[in-house]
Amino acid sequence: MLSFFNHKKVSITTLFSNEFVDIHSHLLPSIDDGSKSMDETIALLIKMHSFGIQNFITTPHIMEGVWENAKDTILPKLTAVKKELIARNLTDISIHAAAEYMLDSNFNILLEQRQLLPLKENKILVEMSYINPPVNLYEILFNIQIAGYQPVLAHPERYLFFHKKYKEYSKLKEAGCLFQLNLLSLSNYYGKDTHKIALQLLKDNLIDFVGTDTHNKRHLSYLESIDNPKILKLIAPIIKNNAEFK
């Protein structure tokens with residue numbers, strides 16, 4: 001299996017089947033730091049479709065004081081994108097919406113009110129500040145599960161404060177947290193340290209799912225450039241896990 005990786009370099013984009021679902025992206029127009037317009041949204045979707053990605057659960061930020069999104073801002077944007085895809089006869093692209101929730105005080109309110117947009121069924125995508133984790137992180141993870149949800153931590157490899165506390169990753173998994181790796185971390189897009197931790201998490205079988213975390217065309221150029229055979233062999237089975245969300 002995948003023995004051809006040993007003979008020639010191919011792009012990571014060859015690993016995307018029609019069962020793959022990208023569960024982390026910022027493709028809805030003018031709603032966060034991702035796509036800035038409907039035209040940009042469609043251009044990104046077309047480019048990603050050329051990579052073999054047909055299924056999307058896009059995840060705009062919900063972050064207190066920065067991106068004050070909610071169901072009533074996200075779902076109308078999703079409807080508009082779906083209508084535009086039909087208008088352009090791009091009918092083999094499937095797009096749904098969830099959200100990427102910052103673990104802040106606003107999130108606690110949304111959790112109490114059950115006002116969350118899951119990736120599928122009970123799985124919700126969450127993130128932390130890049131400066132430091134919440135002081136009550138494990139309490140929040142516990143409360144998420146008590147409420148009937150399962151947390152999927154976005155890009156665990158990007159939290160630099162865990163790099164020198166690597167055992168914390170195992171503790172998070174034991175606390176019921178699933179991990180979603182950013183595929184761009186397999187390049188040096190986020191830096192060498194993040195790249196190193198991403199590979200270590202893969203080798204230690206701590207990664208459950210992947211996402212592109214696409215915001216713009218530059219991200220897609222980096223994604224297409226990932227062609228290290230050893231890395232592709234590591235990531236291939238995890239990419240297959242994303243079919244769970246179809």
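The values are calculated or read from the model by the stated rules, or taken from the named source; none is laboratory data. Since the structure is predicted, the reported quantities are computational estimates derived from the model, not experimental observations. All Cβ positions, even for glycine, are placed from backbone atoms using ideal geometry, and neighbour counts span all protein chains on display.
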### Criterion violated by ALA99 - all others in (1) free of Cβ contacts under 8 Å to residues at least 40 places away in the same chain; (2) surrounded by 15 or more Cβ atoms within 10 Å (Cβ to Cβ); (3) within 16 Å of ALA154 (Cβ to Cβ) satisfied
(1)
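Name the residues in the stretch 211-234 that are under 22 Å from ALA98 (Cβ atoms) and either in contact with a Gly (Cβ under 8 Å, 6 or more places away or on another chain) or touching a residue at least 60 places away in the same chain (Cβ under 8 Å) (or both), would you? Show your work before the answer.
Narrowing the stretch 211-234 to residues under 22 Å from ALA98 (Cβ atoms): 211-216, 219-220, 223.
Of everything in the stretch 211-234, those that are under 22 Å from ALA98 (Cβ atoms) and either in contact with a Gly (Cβ under 8 Å, 6 or more places away or on another chain) or touching a residue at least 60 places away in the same chain (Cβ under 8 Å) (or both) turn out to be GLY211, THR212, ASP213, THR214, HIS215, ASN216, LEU220, LEU223.
At pLDDT 95 or above and out of contact with any Phe, Trp or Tyr (no Cβ under 9 Å at 6 or more places or on another chain), is that true of VAL21?
Working: at pLDDT 95 or above: yes; out of contact with any Phe, Trp or Tyr (no Cβ under 9 Å at 6 or more places or on another chain): no.
Spelling it out, it is not the case that VAL21 is at pLDDT 95 or above and out of contact with any Phe, Trp or Tyr (no Cβ under 9 Å at 6 or more places or on another chain).
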### Task
Assess whether SER129 counts as being among the small types (Gly, Ala, Ser), touching a Phe, Trp or Tyr at 6+ places or on another chain (Cβ under 8 Å) and either more than 19 Å from SER25 (Cβ to Cβ) or loosely packed, with under 15 Cβ neighbours inside 10 Å (or both).
no
### Condition met for TYR190 (crowded, with 21+ Cβ neighbours inside 10 Å, free of Cβ contacts under 8 Å to residues at least 40 places away in the same chain and within 28 Å of SER30 (Cα to Cα))
no
### Message
Looking at the stretch 120-134, can you tell me whether even one residue there is farther than 24 Å from THR194 by Cβ, in contact with a strand residue (DSSP E or B) (Cβ under 6 Å, 6 or more places away or on another chain) and of a type outside the set (Val, Ile, Thr)?
### Response
yes
### Query
Based on what the data block shows, is PHE161 under 19 Å from ILE131 (Cα atoms) and either out of contact with any Leu (no Cβ under 8 Å at 6 or more places or on another chain) or in contact (Cβ under 8 Å) with a residue 12 or more places away in the chain (or both)?
yes
### Message
I need the helices (runs of 4 or more DSSP H) fully contained in the stretch 163-246, keeping only those with at least 3 residues that are under 30 Å from ILE42 (Cβ atoms).
### Response
217-225, 229-241
